[in-house]
Amino acid sequence: MKRIFLDLGKQSIANGFLKENEIENEYFYNLSIGFNEKIKLVSLMNFVDGTIMFNDSYVYHSSSSKTMRDHFKSVADMIKEHFNPNSILEIGSNDGVFLKHFHKKNVVAVEPCSNFAKITHKMGYKTYAEFWDKNLAEKIENKHGKMDLVYAANCICHIPNLDETFSAINNILNDDGIIIFEDPSLLEMLERNSYDQIYDEHAHIFSVLALNNILKKNGLEIFKVENIKPHGGSNRIFTKELLGRYDIDKSVNENIDLELKKGLDKFKTYEKFAERVQNSKQDLINLLKDLKAKGKKIISYGATSKSSIIFNFCEIDTKYIDYIIDTTPDKQEKLSPGMHIPVISPEEGLNETVDYAFLGAWNYEKEILNKEKNFIDRGGKFITHVPYVRILQ
Ligand code: TMP
């Protein structure tokens, strides 16, 4: 049913930063993505087993950037103001960046990465270190009852089986309960040529169009859509039971109409995107080659899963990028997945010898450019590939 439109080649786990002695056992798979013409859903051709990606050594901390800390504070404020729920279930609670804004007695958390589940458990929040599915939903309902609100950020798109996921959520919701979830937007990915949104963790990249079809199949419907900034452009989807209490906001049809206008229901649109991706790859390689020929030192800024995909797809290794800098201690002194570029701290790595920094964390461009005034003032330059490959002026 899925028709392939882009092959990103041999990849390793995008967040799988590793030690030298782990190289021997590094996991590789073929990353390609396709379009389901019936439900209009874009998904990986082959899903990677969840336990390989989400385990006790997962390294992505939601709290690691000010942008995301501020973001989750504002979602929590919005939820309190508009919905004032007595019970909240968060699926994919990471390090507690969202749930810490709510009282412990009101929240149940689900987080399969046990290193993070331990953190929120210590903070006093009941946390299930398990994958979300029908069985876990039943277990939680038996213990804690039904929920007023289910929240999930950058999590639902990680789960291969969407029918089971949504029907299990529907079962645990109170009659007037709602689901709010946010994930990267397919339209934004197409417009920005940000093919690095495609990686092992993102089993699907959602359009509102596809979600509308899948939710309806599971007795749910979207009543509002917000286009939000995180992760290079995401959609926040407000969902209720079919024929439930809330009125349908005009943002639902506005988003669907725009997606149809941009051709998100047609395979041809994805074929054209794939052509742009191949061009982006060639442009990036050419730019890096050119700078190297001029004797420039290039590093990468942000050891992101996105940059792992780019480096593997474009076969960019230490020939071009000396090292990657990242603030996350768990990623430092490790190697990038696949291409094995060393990761070090910004304090150590962002010094006077650096001429160019590739924005691996391009989705934090504003925060980073603000923070790195010294680097820019002394002539340092950033490179980005979004929406096209260039040196930022
Ligand atoms: P993400 O794109 O998956 O959110 O990952 C962002 C990564 O970038 C994370 O490892 C932290 C890192 N980072 C920095 O090292 N410095 C920064 O200023 C920002 C904003 C992020």
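Rule-based calculations on the coordinates, nothing more; no lab input. Bear in mind that the values here come from a model prediction, so they are computed numbers and not experimental data. Here the Cβ positions follow ideal geometry from the backbone for every residue, glycine too, while neighbour counts run over all protein chains shown.
General observations
- Each Lys or Arg adds one and each Asp or Glu takes one away; over the other residues whose Cβ falls under 14 Å from the Cβ of Asn21, this sums to -3.
- Within segment 289-393, DSSP assigns beta bridges of which about 20% are antiparallel (rounded to the nearest 5).
- Couplings 3J(HN,Hα) for segment 343-354, derived from phi with the Karplus relation 6.51 cos²θ - 1.76 cosθ + 1.60 (θ = phi - 60°), are 10, 10, 6, x, 4, 7, x, 8, 10, 5, 7, 8 Hz, where x marks Gly and Pro.
- Cross-link pairs Lys143/Lys229; Lys296/Lys373; Lys281/Lys381; Lys66/Lys118; Lys73/Lys229 - those with Cα-Cα distance over 25 Å: Lys143/Lys229
- Backbone phi angles across segment 325-330, fed through the Karplus curve with coefficients 6.51, -1.76 and 1.60 (θ = phi - 60°), yield HN-Hα couplings of 9, 7, 7, 7, x, 5 Hz in residue order; Gly and Pro are listed as x.
- Alpha-carbon centroids, segment 299-316 and segment 181-230: separation in whole Å: 23 Å
- Residues whose amide H falls under 5 Å from that of Lys126, counting only those 5 or more places apart or on a different chain, are Ala109, with hydrogens built in the peptide plane.
- Look at Thr353, Thr165 and count the other Cβ atoms within 10 Å of each Cβ; fewest to most, that gives Thr353, Thr165.
- Antiparallel DSSP beta bridges within the chain, as percent of all bridges there, nearest 5: 55 percent
- Global form of the chain, assessed from the alpha-carbon gyration tensor, a/c cut-off 1.5: prolate
- Residue-averaged [θ]222 nm for the chain, counting only DSSP H segments that reach four residues, each worth -39500 (n - 2.57): -10000 deg cm²/dmol
- Other-chain or far-sequence residues with amide H under 5 Å of Phe358's (modelled H): Ile299, Ser300, Tyr301, Ile383
- Protection proxy ranking, peptides 367-377, 176-186, average beta carbon neighbours within 10 Å, highest first: 176-186, 367-377
- Under the criterion of Cα pairs below 8 Å and six or more residues apart, the relative contact order for the chain equals 16 percent.
- Candidate cross-link partners of Lys38 among the lysines, defined by an alpha-carbon separation under 17 Å and a same-chain spacing of 8 or more, comprise Lys2, Lys216, Lys217, Lys266, Lys268.
- Under 15 Å of direct C-alpha separation, and excluding same-chain neighbours fewer than eight residues apart, Lys40 reaches these aspartates and glutamates: Asp163, Asp257, Glu259, Asp265, Glu271.
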